[in-house]
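Since the structure comes first, as structure tokens, the remarks are kept for the end.
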Amino acid sequence: MAIPVKLEVFEGPLDLLLHLIDKNKVDIYDIPIVEITQQYMDYIKQMETEDMNVMSEFLVMAATLIDIKCRMLLPKEVNEDGEEEDPRAELVQKLLEYKMFKYMSYELRDRLVDAEKNFYRSQQLPEEVAAYRQPVDYKELIGDMNLARLNDIFKAMLKRQVDKIDPIRSSYGNIEKDEVDMDERSLYVEAYARSHRRFSFRGLLERQNGKMQIIVTFLVILELMKMGKIIISQENIFDDILIESNMYECAKEV
């Protein structure tokens, strides 16, 4: 009957390598790669995990160890400075960094445990001490300030507010919107054209009340001209524009 063996749980492949190095009491700068690789592979074979992400990390490190083991059997490579390169150097650097961070995490954990043992008493002061407020020295607060200087500052602030006001726009009154019925203006102009065979464009505009009525009347004239209901003529430049109506019915003015 096989005896069940409970394996230790490691945080990752580097954690497992550090455990094997400490267990074998070997120098981290001179790792016996053959022995460590064999022990590492033995542990991989005994692992029971369904998490492929975790398993893949250990398998990648296993492949790295095998690669280092193969490179150790080959003639050593020489760098640009003529020094022999150790295939284990990169792995040693990673192990040292991991070991440093691991021990730092232990230190932080211990500090957290120690901090939980500290208790602080709430502040307890006599009422007269808690109610004490340092007196204000008004002379020191005012300094060389006097009523004349305060008046100058006040006038300067008022002037700034006045300067912010636009002298032109501030004189404008409220802008009110002229309500003009486009259909009503169209009926008015058409009726005017029916009752006048020939009339002045200027005279028609002078009959309007307000800028908006003039604009709408002008648009109606353009529309009637487009529809062929009126004809526009002008003898000379800057002369009055004359409108001849094709809708003339009688001589009675509107």
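Here, each number is a calculation from the coordinates, and none is a lab measurement. If you're wondering where the values come from, they're calculated on a predicted model, not measured in any experiment. Methodologically, a virtual Cβ is constructed for each residue, glycine included, from the backbone with ideal geometry; neighbour enumeration extends over all protein chains shown.
General observations
- Distance between the modelled labels on residue 159 and residue 238, one decimal in nanometres: 4.9 nm (7 Å Cα→Cβ projection).
- Over all other residues within a Cβ to Cβ distance under 11 Å of residue 87, the charged ones net out to -2, with Lys and Arg as +1 and Asp and Glu as -1.
- The slack between residue 197 and residue 81, meaning 0.36 nm per residue of separation minus the straight C-alpha distance, is 30.8 nm.
- R0 of 41 Å, Cβ-Cβ distance residue 19-residue 121: FRET efficiency to nearest 0.05: 0.40
- The modelled label-to-label distance between residue 56 and residue 131, using points 7 Å beyond Cα along the C-beta direction, is 7.1 nm.
- Full extension of the chain between residue 186 and residue 29 yields a length gain of 46.4 nm, computed as 0.36 nm times the residue separation minus the alpha carbon distance.
- Think of segment 28-73 as having a plus end and a minus end, set by charges on the Cβ of Lys, Arg, Asp and Glu; of 41, 66, 56, 66 sits farthest toward the positive end of this dipole.
- Theoretical FRET efficiency, 1/(1+(r/R0)^6), r = Cβ-Cβ of residue 90 and residue 41, R0 25 Å, to 0.05: 0.80
- Given 76/99; 25/94; 69/94, the pairs whose alpha carbons are separated by over 21 Å: 76/99
- Its Cα centre serving as origin, segment 1-141 has a Cβ charge dipole (Lys and Arg +1, Asp and Glu -1) of approximately 560 debye.
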